[in-house]
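This report concerns only the one structure given below.
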Amino acid sequence: MANMKLKKSLVAHWAFSEGSGSIVHDGSNQDAIHNVFNEHRSALPADEPQWRSGINGHALLFDGYSTWIERKEGICSIDQAFTIEAWLAPRSFGGIEDERLTGIVNQHNREMNEGFILGVHRHGKWALQVGVEGDWIEVWAENAPIPKAKWSHLAASFNGQEGQIALYLNGEKVAEKTIDKNVSMSVSHEALLIGKSNDAKMIENVFSLNMFSGLLDDIKIYNRALNEEEITKSFTDHLSPYQGEIPPLPYQDIAIDRSVYDLHRPKFHLTPPGHWMNEPHAPLYFKGQYHLFYQHNPQGPYWGNIQWGHWVSNDLVHWRDLPLAVETEADELAPDGIWSGNAAYDEEGLPVLFFTAGNLSKKPNQMTGLARSTYKENHDINLKKWKKHPVPVTIQPGNMGLHHDGFRDPFVWKEGEIWYQLVGTGIEGVSGAAILFTSDNLVDWECKGLLYDDKEQEFPFLGEVWELPILLPIGKGKHLFIISPVGRNADVEVFYWIGTWDRERYRFRPDQKEPQLIDVGDFHFTGPSAMVDPKTGRLLLFTIAQGRRSLKDEYEAGWAHNGGLPVQLWLRDDGRLGVKPIEELKKLRKEKLVSLENLSVEETNDILAHVKGYMLEIYVEFQGDIASEYGVKVLKSDCENVETLLYYNSHEQTLNIKKKTNDSSLAAAQGGELLLNGEQLRLHIYVDCSIVECYANELKSITTRVYPEIEALGIEVWANDSVTVKSMEVWEMGPAF
């Protein structure tokens, strides 16, 4: 009888038993699954939403930014009473953007106080909200958050006759509220949505926030309020195949699948499994493995909800994805963002992470935090688990006139028994700066003043805040100081000085005041992070290669940005900074496509005419004759309406890029100074789908982004007059992941 009563009151049931396709069934009803994969098939290799294993059978993976189910006519028979049940396993939580719920199941109009929404908010806090006769009633599970990456059973019941609303987590009542008796829900005529809110916040009319990220399975709606016994039984019945225990959820069942994204996504550069990233940071070496972290939004391909993504590698070029390393939590340390930082080692030589702790309830809202490896407890060389120190270790000094919104990106290192911490900041209304602290225990830090600044405002392009400061030895008694400026008048690039680190006075003294560029492209080589590799002694630099695509393009592609290639920096014999791709990149080489010597441009191009590729390494050395401009075209179409030209201008002594687009127009050139001082031009070029990096004579690089048509795969040597190709080699490249 009890089962019959349940069945009669069941008005909707999405079992997700399909396991494939873009339709889910509720009895005879068919509801469409909206998803970027089935609405923009021309851009993506996948053509349907992502299905995974469920609590029983199959479940649908909601990507957090584009996936939802819609029933346009909604459900209208639940105004007197209803119960909603769902199994879910969140991958991430949004909610940092505003107070609106992420929709699990909803059919509501908040402005009119109509309908209902069962949803989750930041850090797993969840609620049922109902419009009742002109009022908006909210019931929150304050002390029973939903865990991430685990299966949970939610139930929410509304009983208008008895005036009761209750919430249940895994069969137990966790919240309830008494309202007036004999009331009804104000019916909403909006569509019923699963995984998306009827009242979502939008980013420039492209990204809908308040969308669910993770797995949903076995959603039921009843037209009466189930009692606690019925809800508990429903929960336990699902667990009968698992001996009464909630089954564990394998990481791969909820992880972002990097194989589904579009053809322009780089393959041998550093990329997150999907969605948004900005700067890679905090490189470290431990127990034979390299670790690198990155700023990541697991919710979607837009900035926000930033956590620390994590890669691991044995050789710096082949990488594996690991779960998020450091995440925001409902605490007083960093509830609003785990922003950039770096890695160091503690008293026992175990890794520690320093990060920018974002807490928007405080002013200033940026501090630095500390997370320690749990290696001593679990001996996991992959360093998957980190434990945050409960309070900030450094806050912005209040007596130095520092920028109100500039105290971030700690860089920590040790000399002798002292740890030093460098933090990016600025002097309010004056210039950017880097501030220095010291400690003998990693937790208690003493301010030692500004390491370096531009108080004289000699270089306005250095902006008002310096991000991601780095200070490392580079040989011959010199140190390299690196920053990335932001704010008013800033040229957002990677600038550096070579000079002396004055430990006694806690100051950096540059050999020359004017900052220099490593890369002469335009905003495609930013976000620096560096380490002295304990294994080899090399100074290694990591960067982000910005994408500069529209939000619409990022929505359709499902990803934004990638890392630049790891590069080695050193002090050359002539006193200049050397820069080159790391030697380990040779491991990614596949077939050698070209090897030639001492040919003219015409003879070279006869050989190159049959060479195609969008994942290439090219090394070419020129013997200058008469030509004043010469270089290499890549990602070139046969009809020559699309191409990217990398070339040197010997008269102006500049390294440059020009791009020809599909409409045969020339995009604005990028470029900057390259002083060869009598050397012959050598170009080391990497082409990876939508990114092109070129390193010239181990002196400068130039980086750009290109999104050509699929058929634009050719390469060609180019010169405005006679020049000899002294040597040239071309390799096909393999993937990094």
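General remarks:
- Exclusive hit being surrounded by fewer than 21 Cβ atoms within 10 Å (Cβ to Cβ), of a type in the set (D, E, K, R) and in contact with a Gly (Cβ under 7 Å, 6 or more places away or on another chain), set D336, D331: D336
- Taking the criterion of being closer than 23 Å to L154 by Cα, under 23 Å from the mean Cα position of the chain (by Cα), of a type in the set (A, V, I, L, M) and part of a helix (DSSP H, G or I), the only residue of the range 220-278 that qualifies is I254.
- Count of the range 139-172 residues which are surrounded by fewer than 19 Cβ atoms within 10 Å (Cβ to Cβ) and farther than 20 Å from P90 by Cα: 4
- Test: K384 is in the same structural domain as D409 (by TED's automatic domain parsing), on the phi < 0 side of the Ramachandran plot and surrounded by 14 or more Cβ atoms within 10 Å (Cβ to Cβ): yes
- Output for the range 397-430, where each listed residue is of a type in the set (S, T, N, Q), under 29 Å from P473 (Cβ atoms) and either surrounded by fewer than 22 Cβ atoms within 10 Å (Cβ to Cβ) or in contact with a Lys or Arg (Cβ under 6 Å, 6 or more places away or on another chain) (or both): none
- Being at pLDDT 95 or above, closer than 26 Å to G304 by Cα and either of a type outside the set (A, V, I, L, M, F, W, C) or crowded, with 16+ Cβ neighbours inside 10 Å (or both) is a property that G94 lacks.
- Taken over the range 247-274, the residue count meeting the criterion of being in contact with a His (Cβ under 7 Å, 6 or more places away or on another chain) and of a type outside the set (V, I, T) is 1.
- Cross-chain or 6+ apart pairs with Cβ under 8 Å, the range 252-264 first and loosely packed, with under 14 Cβ neighbours inside 10 Å, then not hydrophobic (A, V, I, L, M, F, W, C): S259/P45
- Summed over the range 191-219, the residues that are part of a loop (DSSP other than H, G, I, E, B) and crowded, with 24+ Cβ neighbours inside 10 Å give a count of 4.
- Among the candidates G131, G119, residue that is crowded, with 21+ Cβ neighbours inside 10 Å and either over 27 Å from the mean Cα position of the chain (by Cα) or free of Cβ contacts under 8 Å to residues at least 12 places away in the same chain (or both): G131
- Residue identified as without any contact (Cβ under 8 Å) to a residue 24 or more places away in the chain and either charged (D, E, K, R) or loosely packed, with under 12 Cβ neighbours inside 10 Å (or both) among D606, D625: D606
- T356 being out of contact with any Leu (no Cβ under 8 Å at 6 or more places or on another chain), of a type in the set (S, T, Y), in contact (Cβ under 8 Å) with a residue 12 or more places away in the chain and more than 23 Å from D502 (Cα to Cα): yes
Matching residues to (1) among the charged types (D, E, K, R); (2) in contact with a Phe, Trp or Tyr (Cβ under 9 Å, 6 or more places away or on another chain); (3) not assigned by TED's automatic domain parsing to the domain that holds E556:
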site: F235; (1), (2), (3): no, yes, yes
site: L239; (1), (2), (3): no, no, yes
site: E245; (1), (2), (3): yes, no, yes
site: P248; (1), (2), (3): no, yes, yes
site: F268; (1), (2), (3): no, yes, yes
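- In the condition set (1) in contact (Cβ under 8 Å) with a residue 60 or more places away in the chain; (2) assigned to a strand (DSSP E or B); (3) on the phi < 0 side of the Ramachandran plot, G527 is compliant with all but (3).
- Matching option when the condition is touching a strand residue (DSSP E or B) at 6+ places or on another chain (Cβ under 6 Å) and part of a loop (DSSP other than H, G, I, E, B), among A175, A144, A149, A166: A144
- Every residue from the range 491-520 that is over 23 Å from the mean Cα position of the chain (by Cα), in a loop (DSSP other than H, G, I, E, B) and touching a residue at least 24 places away in the same chain (Cβ under 8 Å): R503, Y506, D511, K513, E514, P515, I518, V520
The values are calculated or read from the model by the stated rules, or taken from the named source; none is laboratory data. Small disclaimer: the values here were computed from a predicted structure and weren't measured. When we count neighbours, we look across all protein chains shown, and the Cβ atoms used for this are built from the backbone with ideal geometry, even at glycine.
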